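Quick one: the structure is below, and I'll ask about it shortly.
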Amino acid sequence: MKIYLDGKFVDEADAKVSVFDHGLLYGDGVFEGIRLYGGNVFRLDEHLERFEYSARAVMLDLPLTRAEWSHAVCETCRVNKLTDGYIRLVATRGVGDLGLAPWLCSKPSYFVIASKISLYPAEHYEKGLAIVTVPTRRVGPGAFPSTVKSLNYLNNILAKIEARQAGALEGIMLNDQGYVAEATADNVFIVHKGELLTPAASQGALKGVTRSTIIDVARDLGIPIREANLTRYDLWCADECFLTGSGAEVIPVVKLDGRSIGTGAPGPVTRKVLAEFKKRVLVEGTRI
Ligand code: PXG
């Protein structure tokens, strides 16, 4: 596998960053996770927009322009002869010394990885997931915005461990007010009385690209959709629930905290938006 690292293609074995890179020392950097479907980089421009937003939020000057990132992403897929997979974009503060001071870092480091992705087993899309609410709360907006995809993922990683310890593949994270924020690496939707509801970014959600695709799908299919403050009770008592993310796509949730949601099986609205989503991943985006 070839990695695009700091402007050059290098073999995977040579794709190394310094132990003095602040991305490693402090998690000082930003990233994106993007899907490639049949030679189509799904919603690349939207991902790059979020990447630029994340960088601006942490005052990191990205070393490439939007067009250069786009070219680097497509070229990395082509060089690796990949038509389906997962693309990871990372930009760090770069090499510095052992103090926090980002202004002492010489220049940002960056790389693009295009690789395979391991998905949830197909049976989970058919039967739906049984998940749990985890104790770890989403970091509040006064500390760090949930809309920034930074290299600090320990909040979500601890939540993921808690979900696994409870025997679940995903966990619902609440915010400090007790409202549902999102899952550890996915956004959350419920269906209630024919309406689709999802927590707002202000409640601690990342503005997921899959989430925004589902919002577009719902509007196009005439399914009412809005952002709402949701409690665990709203999820427990929902007609349907599903998670969205670049890795998970659209995955039904049929049980939360041991309580069955709706009929206990993936519902009709979930199936409908999933089917429409699957059509769009092949056409919305950038051909490599
Ligand atoms: N919330 C969080 C905290 C995420 O990390 C999402 C929501 C969904 O956003 P998108 O834009 O993907 O619809 C994410 C995305 C991985 C991996 O490597 C993680 C994500 C996406 C793809 C792969 O585990 N998280």
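For segment 221-274, which residues satisfy the criterion of being touching a strand residue (DSSP E or B) at 6+ places or on another chain (Cβ under 7 Å) and of a type in the set (D, E)?
E227, D234, D239, E240, D257
Does A159 count as assigned by TED's automatic domain parsing to the domain that holds P266, touching a residue at least 40 places away in the same chain (Cβ under 8 Å), surrounded by 20 or more Cβ atoms within 10 Å (Cβ to Cβ) and within 14 Å of the ligand (Cβ to nearest atom)?
On the way: assigned by TED's automatic domain parsing to the domain that holds P266: yes; touching a residue at least 40 places away in the same chain (Cβ under 8 Å): no; surrounded by 20 or more Cβ atoms within 10 Å (Cβ to Cβ): yes; within 14 Å of the ligand (Cβ to nearest atom): yes.
It is false that A159 is assigned by TED's automatic domain parsing to the domain that holds P266, touching a residue at least 40 places away in the same chain (Cβ under 8 Å), surrounded by 20 or more Cβ atoms within 10 Å (Cβ to Cβ) and within 14 Å of the ligand (Cβ to nearest atom).
While we're here: Scan segment 170-200 residue by residue and report those that are more than 12 Å from the ligand (Cβ to nearest atom), within 20 Å of I261 (Cα to Cα) and of a type outside the set (F, W, Y).
Restricting attention to segment 170-200, the residues satisfying the condition of being more than 12 Å from the ligand (Cβ to nearest atom) are 174-180, 190-197, 200.
Checking the rest, the ones that are also within 20 Å of I261 (Cα to Cα) come to 174, 178-180, 190-197.
L174, G178, V180, I190, V191, H192, K193, G194, E195, L196, L197, listed by residue number.
On to the next question. Which of the strands (runs of 3 or more DSSP E) contained wholly in segment 201-288 include at least 2 residues that are within 16 Å of the ligand (Cβ to nearest atom) and either open to solvent by 60 Å² or more (accessible area, probe 1.4 Å) or of a type in the set (A, V, I, L, M) (or both)?
Values: elements: 225-227, 240-245, 249-256, 285-287.
The qualifying strands (runs of 3 or more DSSP E) are 225-227, 249-256.
Taking only pairs six or more apart or across chains, which ones have beta-carbon atoms under 7 Å, a first residue in segment 113-135 that is without any contact (Cβ under 8 Å) to a residue 60 or more places away in the chain, and a second residue that is in a helix (DSSP H, G or I)?
As it stands, the answer is V134/A159; V134/E162; V134/A163; P135/E162, since those pairs meet every condition given.
Moving on to the next point. With respect to G94, is the statement that it is within 16 Å of the ligand (Cβ to nearest atom), of a type outside the set (A, V, I, L, M, F, W, C) and surrounded by 13 or more Cβ atoms within 10 Å (Cβ to Cβ) true? Before the answer, list the steps.
Working: within 16 Å of the ligand (Cβ to nearest atom): no; of a type outside the set (A, V, I, L, M, F, W, C): yes; surrounded by 13 or more Cβ atoms within 10 Å (Cβ to Cβ): yes.
Here the answer is no, as G94 does not meet what is asked.
For a quick check of your reading of the model, give me the residue pairs whose first member lies in segment 86-97 and is of a type in the set (G, A, S), whose second is within 16 Å of the ligand (Cβ to nearest atom) and assigned to a strand (DSSP E or B), with beta-carbon atoms closer than 8 Å and at least 6 apart or on different chains.
A91/G29; A91/V30; A91/F31
Out of the residues in segment 140-151 meeting the condition of being more than 11 Å from the ligand (Cβ to nearest atom) and touching a residue at least 24 places away in the same chain (Cβ under 8 Å), tell me which one is least open to solvent (accessible area, probe 1.4 Å). Give the derivation first.
From segment 140-151, those more than 11 Å from the ligand (Cβ to nearest atom) are 140-145, 151; that's our starting set.
So of that shortlist, the ones also touching a residue at least 24 places away in the same chain (Cβ under 8 Å) come out as 140-141, 145, 151.
Values: G140: 20, P141: 110, P145: 48, L151: 55 Å².
Result: G140.
Of these, D28, D21, D61, D14, which one is farther than 27 Å from A248 by Cβ and open to solvent by less than 10 Å² (accessible area, probe 1.4 Å)?
Working: D28 fails: open to solvent by less than 10 Å² (accessible area, probe 1.4 Å); D61 fails: open to solvent by less than 10 Å² (accessible area, probe 1.4 Å); D14 fails: open to solvent by less than 10 Å² (accessible area, probe 1.4 Å).
Only one candidate qualifies: D21.
Let me ask something else about it. Regarding segment 131-138, can at least one residue be identified that is open to solvent by less than 20 Å² (accessible area, probe 1.4 Å) and closer than 27 Å to G267 by Cβ? If you could, list the steps in order and put the result at the bottom.
Quick first cut of segment 131-138, residues open to solvent by less than 20 Å² (accessible area, probe 1.4 Å) only: 131, 134.
Among the residues that remain, those that are also closer than 27 Å to G267 by Cβ are: 131, 134.
For segment 131-138, residues open to solvent by less than 20 Å² (accessible area, probe 1.4 Å) and closer than 27 Å to G267 by Cβ: present.
The values are calculated or read from the model by the stated rules, or taken from the named source; none is laboratory data. Everything numeric here is computed off the predicted structure, so don't read it as measured data. Positions of Cβ are backbone-derived with ideal geometry, glycine not excepted, and every protein chain shown enters the neighbour counts. Accessible surface areas use protein heavy atoms only, side chains included; no ligands, DNA or RNA. Shrake-Rupley method; radii C 1.70, N 1.55, O 1.52, S 1.80 Å.
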